[in-house]
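Chemist: Before I ask anything, let me first share the structure, which is written out below as structure tokens.
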Amino acid sequence: MRIAVCDDEPLFLEMLREKLERYYRSLDLRIDAFSSGEALVRAVEREPFCWSLVFLDIEMPGMDGLEAARAVRDVNDAIPVILLTSHTEYAMKGYEVEAFRFLAKPVEESSLFGALRAVEERERRNRRIQVKADGRELFIPLGEILYFRSENVYLTLYMTGGRHCLLRKKLKEQAEGLPPLDFFQIHRSYLVGLRHVSAFDGREVTLSDGTRLPVSRGKRAAFVQALSRYISEKE
């Protein structure tokens with residue numbers, strides 16, 4: 001798990017790091033510290049899906065936390081952003097950038113832990129998958145996955161917004177790690193997110209971005225059933 005913390009006060013960064021480590025008690029936790037909003041935004045633009053959670057101080061020189069939060073959400077609006085400030089009158093401004101939560105500084109451990117539990121509950125409701133691409137761990141919201149394309153021992157994962165990444169994985173292995181209600185393998189080379197199916201003409205499926213993919217003859221009836229089940233249970 002990777003968490004980004006952005007604050008221009010080194011002592012506060014260290015204090016928050018200690019509290020986060022105390023809550024998670026995990027060797028898999030990685031905390032990335034940033035001392036400016038500009039640095040955080042550049043990092044998120046390079047790696048949009050690397051962080052599970054972002055803490056942002058509102059009051060920073062240069063790009064403040066509110067401006068940085070807007071920029072982060074423009075890149076990936078699925079990242080929960082928790083705003084921090086020592087002036088509670090800024091709390092209402094957090095709604096303008098759709099902040100997940102607001103915490104007053106100095107941050108009380110009980111308030112922080114309550115916010116972290118709320119993030120975990122949100123994650124249970126809005127599940128993401130963890131994939132490894134180019135040596136990086138990425139956390140991809142299921143709702144942003146258009147489809148997977150299999151080519152030999154590699155998969156290309158296509159997402160909304162024209163994004164994609166290459167994975168060294170077999171399609172069958174990937175399918176086993178996805179909720180069957182939300183995804184269906186329409187062809188030996190394609191696994192689609194049913195959320196993004198916009199049309200089916202009996203031979204090809206059209207996705208929300210206009211992509212057209214073939215549906216194998218032997219899978220057409222099962223695909224229609226899977227799509228009907230998804231619509232009845234999800235929509």
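The values are calculated or read from the model by the stated rules, or taken from the named source; none is laboratory data. Bear in mind the structure is a predicted one, so any value in this text is a computation, not a measurement. Positions of Cβ are generated from backbone atoms using ideal geometry, with glycine treated the same way; all protein chains shown enter the neighbour counts. Quick note on the areas: whole protein, heavy atoms, side chains included, nothing else; ligands and nucleic acids left out. Shrake-Rupley method; radii C 1.70, N 1.55, O 1.52, S 1.80 Å.
Chemist: From the residues in the range 46-82 that are out of contact with any helix residue (DSSP H, G or I) (no Cβ under 7 Å at 6 or more places or on another chain) and assigned to a helix (DSSP H, G or I), which one is most open to solvent (accessible area, probe 1.4 Å)?
Modeler: Here the answer is 46.
Chemist: Name the residue, out of 193, 177, 143, 202, that is free of Cβ contacts under 8 Å to residues at least 40 places away in the same chain and not basic (Lys, Arg). Write out each step before concluding.
Modeler: Working: 193 fails: free of Cβ contacts under 8 Å to residues at least 40 places away in the same chain; 177 fails: free of Cβ contacts under 8 Å to residues at least 40 places away in the same chain; 143 fails: free of Cβ contacts under 8 Å to residues at least 40 places away in the same chain.
Just one listed residue meets the conditions, 202.
Chemist: In the range 147-159, is there at least one residue being touching a residue at least 60 places away in the same chain (Cβ under 8 Å), open to solvent by less than 40 Å² (accessible area, probe 1.4 Å) and closer than 16 Å to residue 212 by Cβ?
Modeler: In the first step, residues of the range 147-159 are kept if they are touching a residue at least 60 places away in the same chain (Cβ under 8 Å); the result is 147.
Retained after the next criterion (residues that are open to solvent by less than 40 Å² (accessible area, probe 1.4 Å)): 147.
Checking the rest, the ones that are also closer than 16 Å to residue 212 by Cβ come to 147.
For the range 147-159, residues touching a residue at least 60 places away in the same chain (Cβ under 8 Å), open to solvent by less than 40 Å² (accessible area, probe 1.4 Å) and closer than 16 Å to residue 212 by Cβ: present.
Chemist: From the list 201, 209, which one is more than 30 Å from residue 52 (Cβ to Cβ), acidic (Asp, Glu) and either within 24 Å of the chain's Cα centre (by Cα) or open to solvent by 70 Å² or more (accessible area, probe 1.4 Å) (or both)? Can you show your working first?
Modeler: Numbers: 209 fails: more than 30 Å from residue 52 (Cβ to Cβ).
Exactly one of 201, 209 is more than 30 Å from residue 52 (Cβ to Cβ), acidic (Asp, Glu) and either within 24 Å of the chain's Cα centre (by Cα) or open to solvent by 70 Å² or more (accessible area, probe 1.4 Å) (or both), namely 201.
Chemist: Here are some conditions: (1) open to solvent by less than 60 Å² (accessible area, probe 1.4 Å); (2) closer than 25 Å to residue 24 by Cα; (3) touching a Lys or Arg at 6+ places or on another chain (Cβ under 8 Å). Residue 137 meets all but one. Which one does it not meet?
Modeler: That leaves (1) as the condition not met.
Chemist: Would a scan of the range 93-115 turn up a residue that is assigned to a helix (DSSP H, G or I), of a type in the set (Lys, Arg) and farther than 30 Å from residue 25 by Cα? Before the answer, list the steps.
Modeler: Of all residues in the range 93-115, those assigned to a helix (DSSP H, G or I) come to 93-97, 109-115.
Remaining after also requiring of a type in the set (Lys, Arg): 93.
Now drop any that are not farther than 30 Å from residue 25 by Cα, which leaves 93.
Among the residues of the range 93-115, at least one is assigned to a helix (DSSP H, G or I), of a type in the set (Lys, Arg) and farther than 30 Å from residue 25 by Cα, which makes the answer yes.
Chemist: Let me ask another. With the condition kept exactly as written, say whether any residue in the range 217-234 is in a loop (DSSP other than H, G, I, E, B) and either out of contact with any Phe, Trp or Tyr (no Cβ under 6 Å at 6 or more places or on another chain) or surrounded by fewer than 18 Cβ atoms within 10 Å (Cβ to Cβ) (or both). Spell out the reasoning first.
Modeler: First, the residues of the range 217-234 that are in a loop (DSSP other than H, G, I, E, B): none.
No, because not a single residue in the range 217-234 is in a loop (DSSP other than H, G, I, E, B) and either out of contact with any Phe, Trp or Tyr (no Cβ under 6 Å at 6 or more places or on another chain) or surrounded by fewer than 18 Cβ atoms within 10 Å (Cβ to Cβ) (or both).
Chemist: Considering only the range 161-188, how many residues are open to solvent by less than 30 Å² (accessible area, probe 1.4 Å) and not in a loop (DSSP other than H, G, I, E, B)?
Modeler: Matching residues across the range 161-188 total 6.
Chemist: Scan the range 185-214 for residues that are more than 15 Å from residue 148 (Cβ to Cβ) and among the β-branched types (Val, Ile, Thr) and report the count. Show your work before the answer.
Modeler: Residues of the range 185-214 that are more than 15 Å from residue 148 (Cβ to Cβ), as a first pass: 198-204, 206, 208, 210, 212.
Filter once more, so that each one left must be among the β-branched types (Val, Ile, Thr): 206.
Of the residues in the range 185-214, 1 are more than 15 Å from residue 148 (Cβ to Cβ) and among the β-branched types (Val, Ile, Thr).
Chemist: As an exercise: evaluate residue 90 against (1) of a type in the set (Ser, Thr, Tyr); (2) at pLDDT below 90; (3) more than 28 Å from residue 22 (Cβ to Cβ) and give the number of the one condition it does not meet.
Modeler: In the conditions (1) of a type in the set (Ser, Thr, Tyr); (2) at pLDDT below 90; (3) more than 28 Å from residue 22 (Cβ to Cβ), residue 90 misses (3) alone.
Chemist: Only one of these conditions is not met by residue 110: (1) under 15 Å from the mean Cα position of the chain (by Cα); (2) open to solvent by 30 Å² or more (accessible area, probe 1.4 Å). Which number is it?
Modeler: With (1) under 15 Å from the mean Cα position of the chain (by Cα); (2) open to solvent by 30 Å² or more (accessible area, probe 1.4 Å) applied to residue 110, the lone miss is (1).
Chemist: Mind counting the residues in the range 1-45 that are closer than 17 Å to residue 120 by Cβ, in a helix (DSSP H, G or I) and open to solvent by 20 Å² or more (accessible area, probe 1.4 Å)?
Modeler: Residues meeting the conditions: 5.
Chemist: Then there's this: With respect to residue 191, determine if the residue is surrounded by 12 or more Cβ atoms within 10 Å (Cβ to Cβ), aliphatic (A, V, I, L, M) and not in a strand (DSSP E or B). Before the answer, list the steps.
Modeler: On the way: surrounded by 12 or more Cβ atoms within 10 Å (Cβ to Cβ): yes; aliphatic (A, V, I, L, M): yes; not in a strand (DSSP E or B): no.
Criteria not met by residue 191.
Chemist: Considering (1) free of Cβ contacts under 8 Å to residues at least 40 places away in the same chain; (2) touching a Pro at 6+ places or on another chain (Cβ under 8 Å); (3) not aromatic (Phe, Trp, Tyr), say which one residue 17 fails and leave the rest.
Modeler: Answer for residue 17: the failing condition is (2).
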